[in-house]
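Structure record follows, encoded as structure tokens.
The values are calculated or read from the model by the stated rules, or taken from the named source; none is laboratory data. Fair warning: this is a prediction, and the values are worked out from it, not measured in the lab. Neighbour counts run over all protein chains shown; Cβ positions are idealised from the backbone, glycine included. Remember, those area values only see protein heavy atoms, side chains included, never the ligands or the DNA or RNA. Shrake-Rupley method; radii C 1.70, N 1.55, O 1.52, S 1.80 Å.
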Amino acid sequence: MNDPPPLRTPTDATTEAALRVGVELGPRSYDILIGASLLEAAGPLIARACGAKPARATAAAIVADTTTAHLLSEKLAASLGAAGFRTATVSVAPGERSKSFSTFQEVCEALVAAKIGRDDLVLALGGGVVGDLAGFAAASLRRGVRLVQLPTTLLAQVDSSVGGKTGINSALGKNLIGAFHQPSLVLADTSTLDTLPPREFRAGYAEVLKYALIDRPPFFDWLEAKRDEIFAGGPARAEAIAECCRAKAAIVARDETETGDRMLLNLGHTFGHAVEAVTGLDGSRLVHGEGVAIGCAMAFRFSAGLGLAEPSEALRVEAHLARAGLPTRLAHVPGGVGPVEGLLEAMAQDKKVKDGALTLILARGIGRSFIERGIDRSRLRDFLAGELRPNG
Ligand SMILES: NC(=O)c1ccc[n+]([C@@H]2O[C@H](COP(=O)([O-])OP(=O)(O)OC[C@H]3O[C@@H](n4cnc5c(N)ncnc54)[C@H](O)[C@@H]3O)[C@@H](O)[C@H]2O)c1
């Protein structure tokens, strides 16, 4: 007689329904799983991916912000507990200002106090702020412990949880202190997006569009057709997230530590980070994805002004962002962005500045972005001055 088929558990069904994207980095390769209710299935998935030792209860320290801790940490801890993990939760205040030295110190001390050892795990449960902060803590604690990313914002599911960049901000600029530390697994539970405030969802959409603008013209056409479905939460949402992860995984596999092609992922970010910096990282005025939206629109207008892209392409990008409810102009930032000098100074702190020369990601059209080194400062100054004019 044949053996009866193995009993199916909800975990099997959840995992089988999930989309899988591999990040191919030799010994640091890992999977991204995208699908509904993955947090409920997290315990066994993490145990399998991280080879948790059954002889000793591996500890899994959940780092969250107070919002994601309240909404999601119990569910995650229950799944981890059932899989045999010892759990601890560390939470920080929500928002960009938690990517600071003082919060980093608090998280590291809490992980030490929770006796997280080299064989244990740090789990980042939240948006990009938690992912970057917890990731940097995992990279630093005892010179590096394993990390699992559990992104809960659209932005984190399509971008920040993938690729291993972790870090915090300095008073002089964003993301200036950090480390490359690849996760062992990324679980993007699309059900978590149901509670995400609409403004944060829109902000994440700016990063979705970014991938299309870099090198995927067909994805841009698809997004023009599917944008409403993605916002409504239909099946196109998970497919869009998976396509972004494929795009990012391909670039990261070519250039893990950003010596070349990976810079393309910064499309819109040099302008965007500068705008974020001059607003004092005040999320009530501007969140990161909104800065990226303005930055992408500016990168296309700058490219059009240099005669690289057709002005109609810049208008098409701007119209798509605007229809998604995103800001596209400096004038859209509540409270304004101050003078040209402040923006230029903030841009000079960009990580891509080399020997004082600024590098920007420019475009010859939608899906035709490229890295331009040695940007002419006077042209940039003129462009920013034009953008700051009332009808700019
Ligand atoms: N490491 C990278 O490669 C990379 C890439 C892109 C962006 N980033 C970083 O990501 C950060 C921005 O990330 P973000 O936009 O996710 O912001 P965030 O982490 O601040 O999250 C936005 C807000 O949504 C809340 N939230 C999160 N998940 C929720 C949920 N499921 N339901 C309800 N509320 C929820 C958070 O508490 C927060 O208030 C920036 O610091 C940026 O520099 C990093």
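Rounding to the nearest 10 and keeping the result within 0 to 90°, find how far the Cα-based axis of helix 269-278 lies from the longest principal axis of the chain.
That helix lies at roughly 90 degrees to the long axis.
In the chain, what % of DSSP beta bridges are antiparallel (nearest 5)?
The answer is about 40 percent antiparallel.
Report the residue, chosen from P339, P183, P44, that carries the largest GNM mean-square fluctuation when the chain is represented by alpha-carbon nodes joined by springs under 10 Å.
Evaluated over the chain, the most mobile residue of the options is P339.
Can you give me the % of accessible surface on the range 120-185 that is carbon or sulfur? Probe 1.4 Å, all protein chains present, nothing else counted.
55 percent
Evaluate 2.2 N^0.38 Å with N set to the residue count of the chain, then give the Cα radius of gyration divided by it.
In units of the 2.2 N^0.38 Å rule of thumb, it is 0.99.
Hey, which of these cross-link pairs are over 32 Å Cα-Cα: K99/K248; K99/K226; K115/K248; K99/K352; K210/K354; K75/K248?
Checking Cα-Cα distances, K99/K226; K115/K248 exceed 32 Å.
Probe radius 1.4 Å, ligands and nucleic acids ignored: give me the carbon and sulfur share of the accessible area of the range 290-335 as a rounded percent.
Carbon and sulfur together cover 57 percent of it.
When you count, for each residue, the other Cβ atoms within 10 Å and take the mean per peptide, how do 232-244, 340-352, 207-219 rank with the highest first?
Going by the mean number of other Cβ atoms within 10 Å, highest first, we get 207-219, 232-244, 340-352.
Which order do peptides 19-30, 287-298 fall in by mean Cβ count within 10 Å, highest first?
Those peptides, ordered most packed to least, come out 287-298, 19-30.
Between the alpha-carbon centers of the range 302-336 and the range 87-109, tell me the distance in whole angstrom.
Answer, in whole Å: 35.
Mind ranking 367-378, 262-273 by how tightly packed they are, going by the mean number of other C-beta atoms within 10 angstrom, highest first?
262-273, 367-378
Leaving out ligands and nucleic acids, and using a 1.4 Å probe, what accessible area per residue does the chain come to in Å²?
On a per-residue basis, 42 Å².
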